[in-house]
Amino acid sequence: MKSQIDTYESTTSYKEMADRINQAQRIVVTTHRKPDGDALGSVVGLCRGLESIGKEVEILIIGPLDHGLKLSAGDTPFRILEEDGLPTVEPDLVIVADTGAWTQLEAIESWLRERSDIIVGLDHHANGDDVAGDRIVDTSAAACTQLVMSLFDEMGIGLGRGSGSVAEVLFVGLGTDTGWFRFSNADARCFADASRLLEHDIDRYTIYRTLEETARPARMALLQRMLSTIEYVDSVAIMCLRSTDFQETDGSSTDIIGLVNTPMVLETIQASVLLTDSDPSVTKLSFRSKPSLPHEPNSLIDVNQLAGKFGGGGHVHAAGARVFAPLDEVKAHLIELLHEI
């Protein structure tokens with residue numbers, strides 16, 4: 001397990017990052033494995049914006065990639081590592097967006113380390129490693145796409161209009177990382193940025209439908225199985241999906257995106273955890289939590305700290321981890337930790 005650096009914070013400014021980008025011609029943009037809406041919105045937004053000023057940009061995705069997210073990328077091409085391999089053209093610059101953690105970049109770690117001097121980073125997570133020496137880390141941002149917007153403001157890059165625009169995919173990141181503006185991170189800055197993006201003639205319902213209403217039947221089967229495993233440890237709901245569940249439903253990890261949020265509708269639940277082992281050698285944990293109850297500040301469960309106990313991280317209310325241990329062993333350790341809270 002790689003340890004995170006003690007202080008994960010910005011080491012450069014938007015102006016300095018803009019200067020580095022302007023000096024480069026061939027640019028690769030990438031993000032964490034199994035990209036979510038914010039990760040994909042960030043890299044596709046970077047690609048569209050930088051191509052508009054004449055840069056040669058290639059998107060490198062570490063799969064798997066959800067069907068709805070593939071649709072949301074529109075005509076913007078991208079390279080999926082598992083299908084297309086690594087870039088064949090040597091870049092002048094690599095931009096890593098929406099992560100700074102080696103554990104989320106393991107599949108391309110060697111390739112990145114060989115190019116450490118040309119990597120810059122954009123991230124809004126609280127924890128990370130030394131992936132990018134020059135990086136902007138803004139934990140006050142609800143989504144990484146907000147950092148992309150700020151970078152483009154510095155560079156004078158327009159957001160376009162309508163379908164296929166930069167604005168469209170930046171809205172994808174902002175909408176998905178705030179639970180369509182329901183989560184506590186949807187603050188005044190978030191709504192101001194959303195309003196600005198909507199001024200660019202994007203169709204928010206089409207975006208929502210593409211991402212949230214294009215699931216396969218396997219999702220419903222996996223939801224049923226997940227709920228049948230639910231256990232409660234005080235105010236935390238714990239659920240499991242095992243490799244046999246995925247095999248028997250013909251499901252995949254992309255079919256369960258967001259299912260961890262399901263128990264959060266219960267009044268007594270403050271946090272929810274989903275453990276999966278679709279790859280039997282690896283247990284993955286997805287964590288979600290609510291803000292503290294009114295007048296009960298101690299009711300807050302910081303899932304970023306909880307995920308950190310398993311070598312992962314994220315945000316106070318949303319985090320994840322991957323552990324190379326059997327699911328039952330990881331679950332038992334999780335329950336022990338919850339009893340200590």
Seminar exercise, completed: The extension gain from Glu199 to Arg216, computed as 0.36 nm times the residue separation minus the Cα-Cα distance, is 2.9 nm
Seminar exercise, completed: Taking the reciprocal of mean 1/r across every pair of different Cα atoms in the chain, the Kirkwood radius in Å is 20.5 Å
Seminar exercise, completed: Honestly the stretch 61-143 on the Cα gyration tensor test (a ≥ b ≥ c root eigenvalues; a/c under 1.5 rounded, otherwise a/b vs b/c for prolate or oblate) is just oblate
Problem set entry | Semi-axis lengths (Å, descending) of the ellipsoid that matches the C-alpha gyration tensor of the stretch 198-253 | 31, 18, 7
Seminar exercise, completed: Lys and Arg at +1, Asp and Glu at -1: neighbours of Arg48 with Cβ under 14 Å from its Cβ sum to -3
Problem set entry | Cα Rg, Dmax (largest Cα-Cα span) when computed across the stretch 203-341, Å | 15.3, 47
Exercise. How many nm is it between the label spots at Val265 and Glu16, if each spot is 7 Å from the Cα in line with the beta carbon?
Worked result: 4.8 nm
Exercise. What is the extension gain from Gln305 to Thr206, computed as 0.36 nm multiplied by their sequence separation minus the C-alpha to C-alpha distance, in nm to one decimal?
Worked result: 32.1 nm
Exercise. For the stretch 217-278 and the stretch 161-176, what is the separation of their Cα centres, given in Å?
Worked result: 29 Å
Seminar exercise, completed: Taking a straight Cα-to-Cα line shorter than 20 Å from Lys331, and setting aside same-chain aspartates and glutamates fewer than 8 residues away, one finds Glu231, Asp234, Asp245, Asp277, Asp279, Asp302, Glu340
Problem set entry | Cα long-axis angle, helix 14-23 against the chain (0 to 90 degrees, to the nearest 10) | 60 degrees
Exercise. Once label points are set 7 Å from the Cα along Cα→Cβ at both Glu248 and Thr139, what is their separation, rounded to one decimal in nm?
Worked result: 4.2 nm
Exercise. To the nearest µm²/s, what D does Stokes-Einstein give for the stretch 290-341 at 20 °C and 1.002 mPa s, using the Kirkwood radius over alpha carbon pairs as Rh?
Worked result: 181 µm²/s
Problem set entry | Fraction of accessible area attributable to carbon and sulfur, the chain (%, probe 1.4 Å) | 48 percent
Exercise. Per residue, how much accessible area does the chain have with a 1.4 Å probe, in Å²?
Worked result: 45 Å²
For this session: Subtracting the Cα-Cα distance from 0.36 nm times the residue separation, let me have the gained length for Glu56 to Glu90 in nm, one decimal.
Result: 11.1 nm
Seminar exercise, completed: Classified through the alpha carbon gyration tensor (a ≥ b ≥ c as square roots of its eigenvalues; rounded if a/c is under 1.5, else prolate when a/b is larger than b/c, else oblate), the stretch 147-244 comes out prolate
Seminar exercise, completed: Arg189 and Glu329 label points (each 7 Å along its Cα→Cβ direction) are spaced in nm at 4.1 nm
For this session: Working from Cα positions, state the angle (0 to 90°, nearest 10) between the long axis of helix 327-340 and the longest principal axis of the chain.
Result: 80 degrees
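The values are calculated or read from the model by the stated rules, or taken from the named source; none is laboratory data. Remember, it's a predicted structure, so these values are computed and weren't measured experimentally. For neighbour counting, all protein chains shown are included, and Cβ atoms are generated from backbone atoms with ideal geometry for every residue, glycine included. The accessibility values were calculated without ligands, DNA or RNA, using every heavy atom of the protein model including side chains. Shrake-Rupley method; radii C 1.70, N 1.55, O 1.52, S 1.80 Å.
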